[in-house]
Structures are given as C-alpha cells and as structure tokens.
1. Which residue fluctuates most in the GNM of the chain (Cα springs below 10 Å): I145, I68, I345?
2. Out of H126, Y167, I182, whose Cα points farthest toward the positive end of the dipole of the chain (charges: +1 Lys, Arg; -1 Asp, Glu; placed on Cβ)?
3. List, in order, the whole-Hz ³J(HN,Hα) value for each residue of segment 173-186 obtained from phi through the Karplus relation with A = 6.51, B = -1.76, C = 1.60 and θ = phi - 60°; use x for Gly and Pro.
4. Any idea which of M234, L289, L250 is furthest toward the positive side of the dipole for the chain, if Lys and Arg beta-carbons carry +1 and Asp and Glu beta-carbons -1?
5. How much space per residue, in cubic angstrom, does the convex hull of the C-alpha atoms of segment 106-171 take up?
6. Could you give the dipole magnitude of the chain about its Cα centre, charging the beta-carbon of Lys and Arg +1 and that of Asp and Glu -1, in debye to the nearest 20?
7. Taking the Cα centre of segment 218-318 as origin, work out the dipole magnitude from +1 charges on Lys and Arg Cβ and -1 charges on Asp and Glu Cβ, in debye rounded to 20.
8. Name the longest site-free stretch of the chain, where the excluded sites are GluC sites (Glu not before Pro) in a DSSP loop with no more than 14 other beta-carbon atoms within 10 Å.
Amino acid sequence: MKNTALNDIHVSLGAKMVPFAGYNMPVQYEGIKVEHQTVREAVGVFDVSHMGEFLISGPNALDLIQKISSNDASTLTVGRAQYSCMPNGKGGIVDDLIIYKIKDEQYLLVVNASNIEQDWNWISSHNSFGAEMKNLSEDYSLLAIQGPKAVEAMQSLTSIDLSEIKYYHFEVADFAGIEHVIISATGYTGSGGFEIYCKNNEVEQIWNKVFEAGESFGIKPIGLAARDTLRLEMGFCLYGNDISDTTSPLEAGLGWITKLNKEDDFIDKDFLTKQKAEGVTRKLVAFELIDRGIPRHEYKIIDKDGNDIGIVTSGTMAPSVGKAIGLGYVTKSHSTVDSEIFIEIRNKGIKATVVKLPFFKK
C-alpha cells in the first residue's frame, strides 16, 4: 500500500484508514453524516492525492488528446478545464478525466487513482503523434477544499481573487505561501470550492495553513465515504460503479461530453455515431426509493412482475435529501422520469421512482 504525503496527519486526526486504489486513504474522521453536512453547509478538505496526473506537451499534444477523448479539447483556452472520457474502442469507457490547458501546447490530464497504470498505457499506445508525456502522479498531491464557505475561508491565503475563478476555470498562482500552485474551481461535491494541485513536499504546509485560515468557518477534514454520498446526491458518475469498460458514454447520459461533430477523429466515433442514430437499449437513471430500504451496488432492478430490467450501480441513504437514492441501468422503456421500478433487496421488490437529477438541489 502506498501512502499519501499527509498519511501521518490523517492518522493523528483519528481517521479510519482503508485500502483504496492501492493507497491507504482516510474513509472517515468524525462520521459520514457530520462530514457530509460540513461540506454542504460550510467547508471541508479532502486529501485526494491518490488521483493520477499526466502532463501532455508539445506541438502535437492536442492531436493526441483529441484522439483519445470524447469531448472537444480544441475549445479549451489557457486557464480552462474540461470534463471528458476516454472511449475504449469496444463501446465502453477506459476512464473519465479532467483536461486542463496549462499553456499553449501543454495539458494536464487528471485520471482516477485505480486506473493510473492502465490509462497511461492506453494513452501511450495511441501516441503516434510524438507528444511528450510525463506521469506526475507520484510527485503531486491534490486537496479538494469544498463547500459554500470555501472562497471566503481561503481568500487570505492567496493574492488572487478566488471569487473571480469561474466553474471549470483555474489559475496558477500563490497559495498558502507556495508559488505556482494550481487553484481550480472544480470538485465532485456540488457545493462549490476548489482543488489545489501542488508538489508532495509542499502539501503539508498548505494543509496546515488551510486549516488555520478555515478555523473560524468550521473547516473539517473529510473522508472518502462522505465524498461518495456528496457526489451521488449530485448524480455524478463514479468509475467502476456507474461507468466502466462495458458502459458507453451515451448509455451513461454523457452525450454532453461526447462531441460527435468535432473535426478530429476519435476512438469509437463511428460506433457512438451509429449508437446515437439507432438509440440505446438501456440508460443510466436516477431513482428514489418509495418503500423502506437502501439500494446497493449490483442489486437487481426489476419491474412490477419481477422481471429483471437492470442493475443498481450506486446507492445510499442521502444525508442532505433524507431519502434512499441510487443510480442504475434500466431498459429504455423504464427510463423515463416517474417510471415505477423495484429494487430487489433481500428477495423483496422495494418500490422506487425514476427521478430527474440532481437529487440535491441548493
């Protein structure tokens, strides 16, 4: 098991540590509900340094990125980020990722921790363009400072105006006494805030100063368990659950990041164009339970007659919503909002309704 640079701090704070994607990671500190509500109402900090970072540079960097990603990275300008996915050539997804345009001819790709090696090999195998590739994953740390009070709480740590950084934009600036830190208005909670990219030998100083600055705002460390409930309340996909190498971006509701009209050819463009024209046979839907129960990953979804119509990909009792919620794939005929479906829990069909995302509305 690898440790992040902040491992000793998490242990000293009493975090429950669990193995995740090859790393020892804090799953919770005080408890999921407290941590979840801290992010919804104030400000919390996640150590997500297990994520992977690849630097793609050179005159042909964009050509490589356009080939391997579904979104249109040619629309990016310096200081902007883009959510995208990598089709796998078989109608599925290698991974979802965020692409940052750092400067002309230089991009940072941020990928999921569990997929770092496979993503690196996949991108490398398609680099017939001679783009320069560097795997920075082992050298960089990442903090997600999330919540409605994040801007106000963190403003004293930087010379730039944090309120001016729009969603999916970023600045390379001073932060917590460190120069050249990436301050990105991204995150996976739906409650606003920033993600801070820095070197491993800088992150402890940043962590300490962040908690000093945020003390009067009720700042707390947040574990991976609350990260999962927060992202699920927003309906954000988790790789390995809601999207995988067997789910297409169109089935997963990611048509908005699948730019079939972009000029550059990309992996699976023909397949996805055909799938869009013909229509998908199953769709990822959001649902709320009507009857008592909690849906879990890989529970069956059935119709009123007990016929299999799909599978749960993510589920939880949502702290901010006060309901049991989930995501899952169902046949297209059961995918419309207000459709009645049933989740099989302990051999019983528990009634649920297909709803519109997000579950949590500010």
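1. Fluctuation is largest for I345.
2. Value computed over the given set: Y167.
3. Listing the rounded values in order: 8, 6, 7, 6, x, 10, 7, 6, 9, 7, 10, 10, 7, 10 Hz.
4. Projecting each Cα onto the dipole axis, the largest value belongs to L289.
5. 135 Å³
6. 1260 debye
7. In debye, rounded to 20, segment 218-318 gives about 340.
8. Formally, the longest exposed-site-free interval is 1-137.
No lab work stands behind these numbers, since they all come straight from the coordinates. Because the structure is predicted, anything quoted here is derived from the model rather than measured. Neighbour counts run over all protein chains shown; Cβ positions are idealised from the backbone, glycine included.
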